[in-house]
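Undergrad: Please find one structure pasted underneath; my questions will follow.
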Amino acid sequence: GIFYNPNFHYHLEVAQNPYNNIFVNKPELDMFYLSYFGSWLAHFIGATNKVSFFLLHLAFSVSFSFIFIKLIFKKLSNEIGRISLILFFIFPASSTVYYWVGYDSITIFLMALCLYLRSYIYITFLIGVLMGLQHFELSFFGSGALLLSMIVAVMIKIKNKNSILFPLSIFLGVICGKFILHYIFEVNNMIITTDRT
């Protein structure tokens with residue numbers, strides 16, 4: 001089925017007020033400003049009512065599915081690709097973006113887009129920045145684990161040194177995204193006391 005994240009309304013409130021912390025008297029809700037990119041994008045394109053905000057995030061969920069399918073057939077043979085897709089759609093991971101539509105829809109879309117565009121280092125860096133603005137912690141540890149695995153692969157001579165560039169570009173982009181997010185808060189005098197890190 002299709003449903004929304006239980007905290008969806010808080011993200012909608014951020015979309016309606018991206019430059020002013022409306023949760024200043026409820027510091028435990030500050031963390032909803034830490035998934036900033038999706039709410040800012042909704043504000044920017046005017047998707048700030050319940051229906052348009054939901055449809056925007058649902059579009060990211062659908063886009064993730066399409067990118068994942070294209071990625072599978074781009075990297076694998078048809079036979080292995082079909083088996084991979086069957087396994088993917090059997091497990092709950094494939095449906096989570098539909099029954100939990102929300103900020104994670106954007107995070108997983110950006111991650112899949114990075115994998116699809118892995119040959120374009122400057123683009124993956126920019127996507128990494130957006131990932132840092134959307135969900136720094138998941139993006140930091142995800143890209144960090146990928147970077148670490150590539151470093152190990154280079155050390156044991158399974159991969160060449162150029163294979164480090166892709167995860168490094170994302171990792172550095174994610175860190176830049178976090179700095180940009182703090183800069184946005186500082187410029188707008190937004191006091192965010194909660195941190196997911």
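Undergrad: Can you work out the base-10 log of I(q)/I(0) for region 97-197 at q = 0.12, 0.13, 0.23 1/Å, using the Debye formula on its C-alpha atoms alone?
TA: Listed by q, the Debye log ratios stand at -0.43, -0.50, -1.15.
Undergrad: Still on this structure, please answer the following. What do you get for Rg/Rh of region 51-148 when both radii come from the Cα atoms and Rh is the Kirkwood radius?
TA: Reported Rg/Rh, Kirkwood definition of Rh: 0.98.
Undergrad: Taking N as the number of residues in region 1-80, what is its alpha-carbon radius of gyration divided by 2.2 N^0.38 Å?
TA: 1.40
Undergrad: Accessible area of region 1-151 with a 1.4 Å probe: how many percent of it is carbon plus sulfur?
TA: After summing per-atom areas, the C and S share lands at 71 percent.
Undergrad: Is the shape of region 141-197 rounded, prolate or oblate, going by the alpha carbon gyration tensor and its root eigenvalues a ≥ b ≥ c, with a/c under 1.5 for rounded and a/b larger than b/c for prolate?
TA: Note, shape of region 141-197 comes out prolate.
Undergrad: Once the Cα atoms of helix 50-75 and of the chain are each reduced to a long axis, what angle between those two axes, in degrees from 0 to 90 to the nearest 10, is obtained?
TA: On a 0 to 90 degree scale, this one is about 10.
Undergrad: Can you tell me the accessible area per residue over region 1-153, all protein chains present, probe 1.4 angstrom, in square angstrom?
TA: 52
Undergrad: OK, next. Go from 0 up to the bin containing the longest alpha carbon distance in region 1-40, width 10 Å each, and give me the % of pairs per bin.
TA: 32, 54, 13, 2
Undergrad: Given labels modelled 7 Å from the Cα in the Cβ direction, how far is it in nm from Ile83 to Tyr19?
TA: The two pseudo-label positions are separated by 5.5 nm.
Undergrad: Step by step: find N for the chain, compute 2.2 N^0.38 Å, then divide the Cα radius of gyration by it. What's the final number?
TA: So the Cα radius of gyration is 1.09 times the expected 2.2 N^0.38 Å.
Undergrad: Please report, in Å, the Rg and the Dmax of region 103-151, where both are computed over Cα atoms only.
TA: 10.1, 30
The values are calculated or read from the model by the stated rules, or taken from the named source; none is laboratory data. Bear in mind the structure is a predicted one, so any value in this text is a computation, not a measurement. Please note: Cβ atoms are built from the backbone with ideal geometry, for glycine as well, and neighbour counts cover all protein chains shown. The area values use the complete protein model at the heavy-atom level, side chains included, leaving out ligands, DNA and RNA. Shrake-Rupley method; radii C 1.70, N 1.55, O 1.52, S 1.80 Å.
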